[in-house]
Amino acid sequence: MDKRYPDTYYSDYLQLGRLLECQQRKSESYGSPAHDEMLFIIVHQAYELWFKQILFEIDSVREIFGGDSVEEKRIGLAVARLLRVTEIQKILIDQLRVLETMTPLDFLDFRDFLFPASGFQSVQFRMIEIKLGLLSARRLKYDEAPYHSRLSGEHRERLFDLESETSLFDLVERWLERMPFLEEEGFRFRERYGGAVVRMLEGDRDLIRTHSTLSAREKELQLEELDRTLASFESLLDPDRHGSLQEKGRWRLSHRATLAALFITAYRDEPLLHMPYRLLDCLVDVDELFTTWRYRHALMVHRMIGAKIGTGGSSGYHYLKSTAETHRIFSDLTNLSTYLLPRAALPRLPDELLKKLAFVYRP
Ligand code: HEM
């Protein structure tokens, strides 16, 4: 191979001189060096590097979904990038085990030097949340103040700017809204699906009514439960019911996007829907792994500081545990499982539509 480039030296390429200068222990500068502070710094820095990589991948996925249409062949690339994000997230969860080799007493050797700094001020972590689509209005208040209250002016501005950009959630919602197939010649997915739901539930109703061992009271309770299930399906399929639940914050995805996601999930065996289904599945994975990290981090915090407040001033464990419940982004996709019918009960798609969803080889 012709040599056209100057020699590269390992250490220069990776700028290790600068990188390895960045581990300065506060405890050492205050004259009481704490051994475990080195681990604490390196683990946090490793997190920030991985956050940078995650942001890089999310940006590339946002770029793929950013245009007026998404090239079909690029969905595979988006899936590959999101899978990479999920592999990194698994490392992020495991990495807490390394930090847990530091005992609570070891932590107390330098904890006082850290106030009021906290992982709560990780701008890259906030950027990931915002780019994925966590809305400011849905965030838990921290010490009765907005999440950005503990950040520097420059960092706050950066996050405000980002909040006005289109998130991955918005882009995926638009892509789903554009999906054809929901209304074809002689086929209305919403009506056909609704019909299949009613048929299935009426079958269940007959089973309950004619059940030989259930008492009258048990039958009554089960029939009430069945009515609730039917009402829940209606809230998904009926645009007005869906709209009013959306206003109450119970659904976030638009009605059209929700139906498209349901269609993709229900008919994912059709060749053309394989990749779209994998994409939705990856988004659920990303969401679930962040939630797992939040729980895992909360448990570690509990073990490390018990019921003490955090260095950033929050209620610590309790605040963190609540974010795991509430700071989910793609939970609408997760909730779709509630509305799935068994394959045998799914309405059959018209032949013309099945042809469109197949890969056709034309020599
Ligand atoms: C000894 C280890 C750790 C302890 C005791 C700890 C403690 C805490 C506490 C108490 C909070 C709530 C805010 C506050 O009051 O300060 C918090 C938030 C946070 N920490 Fe940690 N943390 C530790 C390690 C880490 C590591 C290794 C990371 C990785 C970057 C991290 C990232 C975060 C993030 C991103 C938040 C904000 C979470 C949110 O608001 O949803 N923490 N941490």
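The values are calculated or read from the model by the stated rules, or taken from the named source; none is laboratory data. Predicted, not measured: the structure shown is a model, and the values here were computed from it. Positions of Cβ are generated from backbone atoms using ideal geometry, with glycine treated the same way; all protein chains shown enter the neighbour counts. Protein only, heavy atoms only, side chains kept; ligands, DNA and RNA dropped before computing areas. Shrake-Rupley method; radii C 1.70, N 1.55, O 1.52, S 1.80 Å.
The C-beta contact set for the stretch 89-109 (first residue at negative phi and more than 8 Å from the ligand (Cβ to nearest atom), second residue modelled with pLDDT under 95 and not in a helix (DSSP H, G or I), distance under 9 angstrom, 6+ apart or interchain) comprises Pro104/Gly306. Note on the stretch 33-65: among residues that are in contact (Cβ under 8 Å) with a residue 40 or more places away in the chain and assigned to a loop (DSSP other than H, G, I, E, B), the one that is most open to solvent (accessible area, probe 1.4 Å) is His35. Of the helices (runs of 4 or more DSSP H) lying entirely inside the stretch 117-232, the ones with 1 or more residues being open to solvent by 20 Å² or more (accessible area, probe 1.4 Å) and away from the ligand (no atom under 16 Å from the Cβ) are found at 153-163, 168-177, 189-209.
Remark: pairs (first residue in the stretch 343-360, touching a residue at least 40 places away in the same chain (Cβ under 8 Å); second residue of a type in the set (Gly, Ala, Ser) and open to solvent by less than 40 Å² (accessible area, probe 1.4 Å); Cβ separation under 8 Å; 6+ apart in sequence or on different chains) = Ala345/Ala196; Leu346/Ala196; Leu346/Ala266; Pro347/Gly195; Pro347/Ala196.
Within the group Ala298, Ala324, which residue is modelled with pLDDT of 90 or more, closer than 27 Å to Leu176 by Cα, within 11 Å of the ligand (Cβ to nearest atom) and in a helix (DSSP H, G or I)? Exactly one of Ala298, Ala324 is modelled with pLDDT of 90 or more, closer than 27 Å to Leu176 by Cα, within 11 Å of the ligand (Cβ to nearest atom) and in a helix (DSSP H, G or I), namely Ala324.
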